[in-house]
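K.L.:
A single structure is presented below for examination.
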């Protein structure tokens with residue numbers, strides 16, 4: 001029997017927890033890449049100095065090119081090396097710069113190993129101590145007024161082959177199994193509890209289930225069920241804490257519901273752990289019963305996390321569950337909108353530099369991005385709100401500074417049609433080994449070079465796309481403008497068309513409308 005009673009002595013006073021954050025009206029963000037999930041290409045010099053090695057992407061399993069390989073090679077010093085990296089790669093100076101640049105959101109890639117209890121140390125090798133660093137960073141972001149999305153960037157078992165951002169470079173992809181789905185749900189439950197119970201985690205408004213699953217849904221068996229269980233897990237944890245979700249399909253757990261403004265978390269967790277009535281399906285109950293003791297253990301290590309009588313939890317907004325959008329996968333893929341219970345957001349990533357999007361020349365790039373229909377297509381499939389969680393300025397061809405100004409404007413214009421955008425990355429190492437990578441991949445560097453303006457909402461040229469919009473998209477845009485004008489105007493028409501024919505057509509349509517009134 002696992003009891004929380006010893007905690008009561010330490011946390012018997014009524015306390016309050018700051019409310020979790022809410023999604024900004026428009027997201028202007030950056031990824032904190034290579035902080036808590038290290039990607040050596042972003043900091044090649046530091047990686048070599050730490051003791052890592054360099055090898056080609058599709059041969060990254062052959063050398064020390066991932067966190068797994070590093071810890072396996074240096075078991076006695078890896079924790080110290082990574083702690084030094086965490087301290088120096090993302091700092092208060094970085095937070096100050098992001099705030100000064102008007103950034104309101106960060107997307108934080110995390111590995112499952114940040115919840116150390118779910119790591120099998122006999123076969124899995126990852127650094128320890130990351131959770132304290134996450135708390136430190138979230139506190140600094142909170143003080144700057146910057147909110148966060150926590151991303152399960154590297155789930156257990158590896159979600160993509162030969163990718164260092166999964167934590168281990170290997171062709172042995174095992175995430176899409178019942179065992180690892182279960183561990184990923186425990187991770188989600190723990191992160192949800194922290195987001196509601198720890199004041200420094202109150203910057204979190206969304207938790208993403210997995211970053212970039214395999215595109216071919218035939219290779220991700222059970223992923224649709226995992227999406228549904230991910231949402232159920234988060235909502236069940238919130239239900240335990242008395243956080244209500246509008247129009248949820250949840251069932252009440254065994255906690256007595258009364259008119260009190262406070263919740264005794266100790267009593268609720270103790271009852272659940274010790275096999276009290278659960279009220280959810282077996283998988284979710286099992287997940288909660290494994291996650292709650294982990295949260296208890298974390299409370300002894302993480303300052304500020306307590307389990308006494310806590311007030312105000314019922315007034316906290318629920319966490320937004322977050323998935324890659326429906327178009328990310330093919331071959332009869334599941335629609336993540338089918339999993340939604342309460343607030344949910346959708347993520348899309350668009351990199352032209354890797355090919356397959358547009359012909360490798362400036363005109364084709366601008367024509368493609370200026371006619372992008374992903375926001376509308378996602379909305380038609382209930383994937384709304386949509387934000388673009390990763391994108392950059394890199395291209396397949398040698399670009400000029402003049403082109404990058406247009407390319408930056410056009411991408412921001414396209415992505416802002418949705419809930420907003422999150423640039424990849426917040427910074428890139430400046431070193432001989434890195435060369436000029438920062439030019440296309442570092443947001444602050446792009447501002448310094450003039451590709452972005454200091455105001456993230458501002459554009460050099462709001463009409464950058466005008467020469468590239470196709471007739472079909474132009475008609476759709478004009479139709480939208482006409483409908484908007486008709487809805488807000490009663491005695492006049494506003495004409496903003498360049499050709500005489502369009503002007504006459506528009507006047508004729510206006511006359512027909514007035515004749516019918």
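K.L.:
Take peptides 353-359, 379-385, 439-445 and line them up by average Cβ neighbours within 10 Å, highest first, as a rough protection proxy.
P.N.:
Highest-to-lowest ranking by the protection proxy: 439-445, 379-385, 353-359.
K.L.:
Same structure again: Tell me, what is the FRET efficiency for residue 349 and residue 76 to the nearest 0.05, using R0 = 41 angstrom and their Cβ-Cβ distance as r?
P.N.:
That pair, residue 349 with residue 76, gives E of 0.65.
K.L.:
For residue 380 and residue 62, what is the calculated FRET efficiency with R₀ set at 41 Å and r taken between the beta-carbons, to the nearest 0.05?
P.N.:
That gives a FRET efficiency of 0.40.
K.L.:
Relative to the first principal axis of the alpha-carbon coordinates of the chain, what is the inclination of helix 130-144, with its axis defined by its Cα atoms, in degrees from 0 to 90 and to the nearest 10?
P.N.:
Result, in degrees: 50.
K.L.:
Starting from the 7 Å offset along Cα-to-Cβ, what nm value, one decimal, do you get for the label separation of residue 136 and residue 22?
P.N.:
Label at residue 136, label at residue 22, 3.3 nm between them.
K.L.:
Okay, next question. Taking the C-alpha atoms of the chain, how large are the radius of gyration and the largest Cα-Cα span, Dmax, in Å?
P.N.:
24.7, 84
K.L.:
Applying a 10 Å radius around every beta-carbon, put 197-203, 229-235, 127-133 in order of their mean neighbour count, most first.
P.N.:
229-235, 197-203, 127-133
K.L.:
Does anyone have the angle between helix 223-240 and the longest principal axis of the chain? Alpha-carbon axes, 0 to 90°, nearest 10?
P.N.:
Helix 223-240 sits roughly 60 degrees off the main axis of the chain.
K.L.:
For a label point 7 Å from the Cα of residue 397 along Cα→C-beta, name the residues of region 338-371 whose backbone N is under 20 Å from it.
P.N.:
351-371
K.L.:
Given 0.36 nm per residue, what is the gain on full extension from residue 122 to residue 274 after removing their alpha carbon distance, in nm?
P.N.:
Length gained between residue 122 and residue 274: 51.9 nm.
K.L.:
What distance in nm separates the two pseudo spin-label positions at residue 371 and residue 171, each 7 Å out from Cα along the beta-carbon direction?
P.N.:
Computed distance between label sites residue 371 and residue 171 equals 3.9 nm.
K.L.:
Oh, and also: Work out the FRET efficiency for residue 84 and residue 55 from their Cβ-Cβ distance, taking R0 = 30 Å, and round it to the nearest 0.05.
P.N.:
Here the calculated transfer efficiency is 0.80.
K.L.:
Turning to a different aspect of this structure: Order of 265, 147 from fewest to most other C-beta atoms within 10 Å?
P.N.:
Result, fewest neighbours first: 147, 265.
K.L.:
Per-residue counts of other Cβ atoms within 10 Å, averaged by peptide: what ranking do you get for 270-280, 322-332, highest first?
P.N.:
322-332, 270-280
K.L.:
Work out how much length residue 311 to residue 436 would gain on full extension: take 0.36 nm times their residue separation and subtract the Cα-Cα distance, in nm to one decimal.
P.N.:
That works out to 39.9 nm of additional length.
K.L.:
Take every Cα pair under 8 Å in the chain that's 6+ residues apart, average their separations, divide by the length, and report that relative contact order as a whole percent.
P.N.:
18
K.L.:
Still on this structure, I have one more. Between 0 and 90 degrees, rounded to the nearest ten: what's the tilt of helix 500-516 against the longest Cα principal axis of the chain?
P.N.:
The two axes meet at around 70 degrees.
Where a number appears in this text, it was derived from the coordinates with a stated rule and is not lab data. Please read these numbers as outputs of a predicted model, since none were measured by experiment. Glycine also receives a Cβ, built like all others from the backbone with ideal geometry; neighbour counts cover every protein chain displayed.
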